[in-house]
Amino acid sequence: MEEKEKVIVAQGMGICYDFSQKKDDFQSLIFNLSFRKKEEAFWALKDITFSAYAGELLGIIGGNGAGKTTLCKVISGIIQPDHGDIQVGAKVSALLSMGTGFDSRLSGKDNIYLNGMMLGMTKKKVKEFYNEIYEFSGIGQFIHEPVKNYSSGMKARLGFSVAAMLNPEILVLDEALSTGDLEFQGRASEKVKELIKTARMVIVVSHNSDFIEENCTRAIWINQGKIEAEGDPVEVSRRYKESVPESSKKKKKVLNLTETKANIKENVVLKASNIGVKFKVGKKDFWSLKGVSFSVKEGEIVGIIGHNGAGKSTLCRAISGIYKPDEGRIRALGKTTALLSLGTGFNRQLSGRDNIRLTGMMMGISKKKIDQVQDQVIEFSGLNSHIDKPIKDYSSGMKAKLGFSIAAVLEPELFIIDEALTAGDMAFKEKASERIQKMIHTAKAVMVVTHNTNFVENVCTRALWFEKGHLVFDGDPKEAVKRYKESTKKNKKREKLKQSEFKTTEAGKKFWKGYNNNVYSDIS
């Protein structure tokens, strides 16, 4: 290693958050008049020393709150060390979470230019890469829609495509692929490997130890702000897994989940009748959902699967009342609590503790009830000393932990979860899965959008598979997963053939020259 070029060198580096000195906005100050707590300094990173080399695909693993995101922010130059030093010898392009830097009011196309220029590219350079970014993202017609209408998976696709396609010197990916579907995760993994040929190095933060073992050339395990191990990815991953509590360890490379023993009753708690939701894309109507009908019985845990953009998030928003169906009707018998993405509804300036109260009150829970369960929420989340830190300093995994813990402990009647657990670490995902299974005794029903097929097969009592806004399968979870995976393989082969044939046509040649940013969408 010492013979290779050192691109990053950190010596005794530390990051300290001194909350007693922080400057709050007016809203935070007013809130703290009612809920004030003495806050102390916290070392998110302490005595970090390591080197990263040219040509590496470096994996970083560790539990939520271990300091992984903080390290990425230091490497990216977003925050400076309070102790020690770090030298980064190349330009960094960072995708620290899905949709980082996106303006939700602008279209996907506008955000490509915005993000590209934020990464230091000229508008002319971004234009050269626009078609390639657009094609790889697979956003389709939604490229002209405001990002606020995107699902978490669509944001992840677009964010990765921008960061990876603009020829970065150092690419930092912090859990940026966790919400991608099976097909996109495969393509993104291949793209990361390709980048090593042109980029100086790639850094990937992931809770997916299989990805770290199979793709990375070296790995670092961070625990409680310190480096516990570094070196061979398989060995580092093994040591990390051994540190996880026995009940949360992996078994045969999948979460050790037991099948749900449900007591499904005959009474229907949710009924969707021929619902359709449409968006204006340019001058045309785009149906995100069309002709969808199903019912959910009390005691069911329903898994919702499908590719990014299939209509899953739109369905959750329609059930939650955020979208009003343009066709059909949804009828829910019971109060619906929705966790539509990690950190939804959080006030970034307030602490995790304050957000427990704020979120609970937004859910219509009395202050007395919130105070009674607050300690349970904190204990379940496992955030401990982090609970009094501002949400803006939380990693994506920490937000996921807190959001789920608040919703689960407050025992909703109908619980909707849309990809809110993807950023959680191994231990928390299993604990959350067990909690969902227990909730069937208190909640009327639980609906979970996820790309974790193992979760669907073992935890869910039923699965809905969506494709292009249509419900294509409703039934046994194992059968749904089997058909979904088979479809993914077929689509991958079909797409490769389509791209190969397309490049030989006149339209395809013009497309690759990038003479017109709207050519591909017109052709497709």
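The values are calculated or read from the model by the stated rules, or taken from the named source; none is laboratory data. Given the structure is predicted, the values throughout are model-derived calculations rather than measurements. For neighbour counting, all protein chains shown are included, and Cβ atoms are generated from backbone atoms with ideal geometry for every residue, glycine included.
Go through the range 67-87 and count every residue that is in contact with a Lys or Arg (Cβ under 9 Å, 6 or more places away or on another chain) and under 22 Å from SER396 (Cβ atoms). Total meeting the criteria: 2. SER293 meets the conditions (1) at pLDDT 90 or above; (2) over 18 Å from the mean Cα position of the chain (by Cα); (3) surrounded by 20 or more Cβ atoms within 10 Å (Cβ to Cβ) in every case but one. The failed one is (3). Summed over the range 96-152, residues that are within 17 Å of PHE279 (Cβ to Cβ), modelled with pLDDT under 85 and more than 21 Å from the chain's Cα centre (by Cα) total 1.
Take LEU158 and tell me if it is touching a residue at least 24 places away in the same chain (Cβ under 8 Å) and under 16 Å from the mean Cα position of the chain (by Cα). Show your work before the answer.
Details: touching a residue at least 24 places away in the same chain (Cβ under 8 Å): yes; under 16 Å from the mean Cα position of the chain (by Cα): yes.
It is true that LEU158 is touching a residue at least 24 places away in the same chain (Cβ under 8 Å) and under 16 Å from the mean Cα position of the chain (by Cα).
Residues considered: LEU350, LEU339. Of these, the only one that is of a type outside the set (Lys, Arg), touching an Asp or Glu at 6+ places or on another chain (Cβ under 9 Å) and at pLDDT below 80 is LEU339.
Among the numbered criteria (1) under 26 Å from ALA44 (Cβ atoms); (2) basic (Lys, Arg); (3) surrounded by fewer than 24 Cβ atoms within 10 Å (Cβ to Cβ), which one does LYS401 miss? Among (1) under 26 Å from ALA44 (Cβ atoms); (2) basic (Lys, Arg); (3) surrounded by fewer than 24 Cβ atoms within 10 Å (Cβ to Cβ), the lone unmet condition for LYS401 is (3). For the range 120-146, the tally of residues that are in a loop (DSSP other than H, G, I, E, B) and crowded, with 19+ Cβ neighbours inside 10 Å stands at 4.
Each row is one residue, and each column tells you yes or no for (1) in contact with a Phe, Trp or Tyr (Cβ under 9 Å, 6 or more places away or on another chain); (2) farther than 21 Å from ASP285 by Cβ.
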{"site": "ASN115", "(1), (2)": "yes, yes"}
{"site": "LYS124", "(1), (2)": "no, yes"}
{"site": "MET154", "(1), (2)": "yes, no"}
{"site": "GLY159", "(1), (2)": "yes, yes"}
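If only residues of the range 83-95 that are surrounded by fewer than 19 Cβ atoms within 10 Å (Cβ to Cβ) and under 17 Å from ALA163 (Cβ atoms) are counted, the one that is modelled with the highest pLDDT is VAL88. Within the range 39-46, is there a residue that is in a strand (DSSP E or B), over 27 Å from the mean Cα position of the chain (by Cα) and at pLDDT below 75? Checking the range 39-46: at least one residue is in a strand (DSSP E or B), over 27 Å from the mean Cα position of the chain (by Cα) and at pLDDT below 75. For the range 456-483, the set of residues classified as in contact with a helix residue (DSSP H, G or I) (Cβ under 6 Å, 6 or more places away or on another chain) and assigned to a helix (DSSP H, G or I) consists of VAL456, GLU457, VAL459, PRO477, LYS478, VAL481, listed by residue number. Is it the case that ALA164 is modelled with pLDDT under 85, closer than 17 Å to GLY309 by Cα and surrounded by 22 or more Cβ atoms within 10 Å (Cβ to Cβ)? It is false that ALA164 is modelled with pLDDT under 85, closer than 17 Å to GLY309 by Cα and surrounded by 22 or more Cβ atoms within 10 Å (Cβ to Cβ).
Please go through the range 194-207 and pick out each residue that is out of contact with any strand residue (DSSP E or B) (no Cβ under 6 Å at 6 or more places or on another chain) and either surrounded by 19 or more Cβ atoms within 10 Å (Cβ to Cβ) or modelled with pLDDT of 80 or more (or both). Those that are out of contact with any strand residue (DSSP E or B) (no Cβ under 6 Å at 6 or more places or on another chain) and either surrounded by 19 or more Cβ atoms within 10 Å (Cβ to Cβ) or modelled with pLDDT of 80 or more (or both): GLU194, SER206, HIS207. Any residue at all in the range 224-240 that is more than 24 Å from the chain's Cα centre (by Cα), small (Gly, Ala, Ser), at pLDDT below 90 and outside the structural domain of CYS316 (by TED's automatic domain parsing)? No - not one qualifying residue is present in the range 224-240.
Which of the residues that make up the range 282-301 are touching a helix residue (DSSP H, G or I) at 6+ places or on another chain (Cβ under 8 Å) and aliphatic (A, V, I, L, M)? Selection gives LEU289, VAL292, ILE301.
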